[in-house]
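Reviewing the structure listed below.
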Amino acid sequence: MASATVILNAPSAAGRFRLAAATTARFVLHFVEMLVAMVVGMMAFMAVPGVTQLPEALHLAGMAISMSLPMIVWMKVRGHAWRHGLEMSAAMLLPWAAVIVLVAVGVSEAMPWLAHAEGPAMLIGMLGYMLVRREHYAHGGQGQHGSAQRRLFSQRFSKLAAYAAYASAVVLLPLAVGVANLLPKVPAETLPPAPAFGGVLPDVAAPDPHKRTAVMLSSAYGAEITDILPPYELLARSGAFNVYSVAPERTALPLGGGDGKGATLDFVPQLSFAEYESKIGVAPDLIVIPYFPGYSPERDSVVVDWIRAHFGPNTTILSICSGGLTLADTGLLDGRTATTNTGIFDIVQRKAPTATLVRNVRYLDDGNIVTSEDLTTGIDATLHIVDRVAGRETALRVAREVGYSHTSALDDPRYEPKPRFGAVVANAAFTFRQERVGLLLFDGVSEFGLAGIIEPYGGSLVTPVLTMTPQRNAVVGASGFLFIPRRDFSANPDRVLLPPGSDASARQSSATGWSAAHPGRAAEDLYGPTGSGQAAYDVTLGDIERTRGAWLAQAVADTVLYPAEFPAAGWPAGTIGTLLALAALAAALVFGSRRLVLTGRRELSVGTA
């Protein structure tokens, strides 16, 4: 009779399945709980003011502590011993650190996939350790002690734990999905190096002795695209300046602001620092300082020293956006009145404690020091310089030629910023469809136009841009800027666009060449009307409104401080719908997991009775 009782009470096939499912659910739940704790700790660390300015070693150490400490504490709460938390941290951090070291010593040049492998390496290490100790993580805790501890916890706080599980899941699952979806889209602080270019570089034309000299600086690591290209074309179109792009060396350099990795277009400066001395040899009348991605006074000391050495008695400096960091490090901002990027006021104030910083102005004129706030405010600051040098009529003509109609800042640069980058981030976090846009380059392409396409699309975080020519050949812009695309016509983006330019024949030839390489796929000509009341920025933002919605178009415009208005911008229905769907899924997973665990326990109790 005893044996018959065991047979009668043995779990059925369905019961065994539920037992296995419950065990698997506990294993997966352990992994997700630790992952969520790690992500929350990482986000808390990144939210600390000034953390991005820490030296790399301290930043990495802080990141390691912020990821592992919450996970260890949560594992202890769940009934694990301290040593298990430490072991899991080691399993997580050792592969992560190994990838970082391999990238630092250059192994990623031979194996490019390593450049973005630290996150997957961390997860693989955690999962591998859990599989090695699968009985521990499938059933949890330390043997019977851990099980008894959890049973007591469950008996005393079962309802509270259930409510907490639902609330946490509804918040944390959308958060984890959003972070995982967002991270690959966020541009890197330091731009990836430009691929080597072995083509022939054109000579620089002799300067016109009747014009002033304007220098557009770049670091040895590149520059931000909207900080450098629109001012370059505006100054050149004014007819008042010989305009040169100048960098420490004449080599291919990246322009930031493009695809999700931070660069989609490269350039070659017209002059190195040494060539400027031999061919120009005088202090510039205007030095334009854009933002140098990844800037530090130690890394870019040669640029800081060059500015100090070339700030002559008749020189004006124009700093754009976070170029204010470089200007502050020269010491030339001390005692002056200025503005800068809205996110770095405190940093610039520490670097130049005697400077008076003014907020909510698109630019500020302090004699031979002119400063602007973020990104497209540099357009207004440059037009102001043209107004000072060549007169209002010339400034308005130049703006009209590129289609820039937002010229009221020439009379009153005050404005009310609308910080909307959080909206852009939220949209990118819960938008899973990216649309790659191909951009055909040709001789005579507009410098202003390229920035007006690449910056808004790239700034949306959901529309990476690919720049292309037939054989990745060098291209000379309408005002002489020398570009090198990152792709040739073998690339296959979702859409292909023709940017504006001064050479209609070269523009059409580029479109024809693309169609020949990709039969049946014509390039879209959205930018034909630019220069007649619409700038490239306006056209691009209008396309974002049409394809992604007015809400995102307005958020991107406000983020790059472009003065465009989209009255139809309302609630982001797609983002809200995704959040609600993920919250509902999280609640369903908690409900299903609890049912599996409870059913498995009942089956186990019956089977061993």
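The values are calculated or read from the model by the stated rules, or taken from the named source; none is laboratory data. In this text, all values refer to a predicted model and were calculated from it rather than measured experimentally. Neighbour counts run over all protein chains shown; Cβ positions are idealised from the backbone, glycine included.
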Notebook entry, point to check: Taking the condition surrounded by 17 or more Cβ atoms within 10 Å (Cβ to Cβ), among the polar types (S, T, N, Q), modelled with pLDDT of 95 or more and part of a helix (DSSP H, G or I), does THR394 pass?
Noted result: yes
Check: Does ALA90 satisfy the criteria of being at pLDDT 85 or above, assigned to a helix (DSSP H, G or I) and over 20 Å from VAL179 (Cβ atoms)?
Finding: yes
Note to self: I'd like to know if the range 476-484 contains one or more residues that are assigned to a loop (DSSP other than H, G, I, E, B), modelled with pLDDT of 90 or more, of a type in the set (S, T, N, Q) and touching a strand residue (DSSP E or B) at 6+ places or on another chain (Cβ under 9 Å).
What the structure shows: yes
Checklist line | ASP443, sole failed condition from (1) farther than 20 Å from GLY199 by Cα; (2) in contact with a helix residue (DSSP H, G or I) (Cβ under 7 Å, 6 or more places away or on another chain); (3) of a type in the set (Asp, Glu) | finding: (1)
Next item on the list: Would you mind stating whether VAL556 is more than 27 Å from GLY178 (Cβ to Cβ), in contact (Cβ under 8 Å) with a residue 24 or more places away in the chain and assigned to a helix (DSSP H, G or I)?
Entry: no
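Do we have any residue at all in the range 293-312 that's closer than 23 Å to ARG414 by Cα and hydroxyl-bearing (Ser, Thr, Tyr)?
Going residue by residue through the range 293-312, those that are closer than 23 Å to ARG414 by Cα are none.
No.
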Next item on the list: Mind listing just one residue for me: the one in the range 10-28 that is surrounded by fewer than 19 Cβ atoms within 10 Å (Cβ to Cβ), aliphatic (A, V, I, L, M) and in a helix (DSSP H, G or I) and, of those, modelled with the highest pLDDT?
Entry: VAL28
Next item on the list: Select from the range 447-493 the residues that are of a type in the set (Asp, Glu) and within 21 Å of the chain's Cα centre (by Cα) and list them in ascending order.
Entry: GLU455
Margin query: Against the condition in the same structural domain as LEU375 (by TED's automatic domain parsing), crowded, with 20+ Cβ neighbours inside 10 Å, charged (D, E, K, R) and closer than 19 Å to GLY331 by Cβ, how does ASP300 come out, does it pass?
Written below: yes
Notebook entry, point to check: Within the set of pairs 6+ apart or on separate chains, which have a first residue in the range 182-211 that is in contact (Cβ under 8 Å) with a residue 12 or more places away in the chain and farther than 17 Å from GLY281 by Cα, a second that is hydroxyl-bearing (Ser, Thr, Tyr) and not in a loop (DSSP other than H, G, I, E, B), and C-beta atoms under 8 Å apart?
Noted result: GLU189/THR52
Margin query: Take the residues in the range 226-285 that are among the aliphatic types (A, V, I, L, M) and in a helix (DSSP H, G or I); name whichever of them is farthest from SER319 (Cα to Cα).
Written below: ALA274
Next item on the list: Identify, from the list TYR363, TYR415, TYR404, the residue that is on the phi < 0 side of the Ramachandran plot, touching a strand residue (DSSP E or B) at 6+ places or on another chain (Cβ under 6 Å) and of a type in the set (Ser, Thr, Tyr).
Entry: TYR363
Check: For the range 438-470, which residues satisfy the criterion of being farther than 17 Å from THR226 by Cβ, hydrophobic (A, V, I, L, M, F, W, C) and not in a loop (DSSP other than H, G, I, E, B)?
Finding: LEU440, LEU466, MET468
Note to self: Please count how many residues of the range 544-581 are surrounded by fewer than 21 Cβ atoms within 10 Å (Cβ to Cβ), closer than 26 Å to PRO174 by Cα and among the acidic types (Asp, Glu).
What the structure shows: 1
Notebook entry, point to check: So which residues in the range 329-340 are crowded, with 16+ Cβ neighbours inside 10 Å and touching a strand residue (DSSP E or B) at 6+ places or on another chain (Cβ under 9 Å), if there are any at all?
Noted result: THR330, LEU332, LEU333, ARG336, ALA338, THR339, THR340
Note to self: What pairs come out if I take residues in the range 467-489 that are at positive phi and pair them with residues that are assigned to a loop (DSSP other than H, G, I, E, B) whose C-beta lies under 6 Å away, six or more apart or interchain?
What the structure shows: none
Check: Of the residues in the range 523-553, how many are without any contact (Cβ under 8 Å) to a residue 60 or more places away in the chain, farther than 18 Å from GLN508 by Cβ and in a loop (DSSP other than H, G, I, E, B)?
Finding: 1
Next item on the list: Name the residue, out of ALA214, ALA240, that is at pLDDT 75 or above, touching a Pro at 6+ places or on another chain (Cβ under 9 Å) and buried (at least 19 other Cβ atoms within 10 Å of the Cβ).
Entry: ALA214
Next item on the list: From LYS185, LYS211, grab the single residue that is within 24 Å of the chain's Cα centre (by Cα) and basic (Lys, Arg).
Entry: LYS185
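Residues are listed down the side, and each one gets a yes or a no for (1) farther than 15 Å from GLY257 by Cα; (2) among the aromatic types (Phe, Trp, Tyr):
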site	(1), (2)
ASP374	no, no
ILE385	yes, no
ALA423	yes, no
PHE442	yes, yes
ILE453	no, no
SER460	no, no
ARG472	yes, no
VAL475	yes, no
Next item on the list: Restrict the check to the range 432-446 and report whether at least one residue is among the hydrophobic types (A, V, I, L, M, F, W, C), more than 29 Å from the chain's Cα centre (by Cα) and at pLDDT 95 or above.
Entry: no
Note to self: Can you pull out every residue in the range 506-522 that is part of a helix (DSSP H, G or I) and aliphatic (A, V, I, L, M)?
What the structure shows: ALA506, ALA511, ALA516, ALA517
Next item on the list: Looking for whichever is within 28 Å of ALA409 (Cα to Cα) and touching a helix residue (DSSP H, G or I) at 6+ places or on another chain (Cβ under 6 Å) here; the options are ILE289, ILE344, ILE317, ILE369. Which one fits?
Entry: ILE289
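Just to be sure before I move on: is LEU461 under 27 Å from GLY198 (Cβ atoms), touching a residue at least 12 places away in the same chain (Cβ under 8 Å) and not β-branched (Val, Ile, Thr) in the structure I sent?
no
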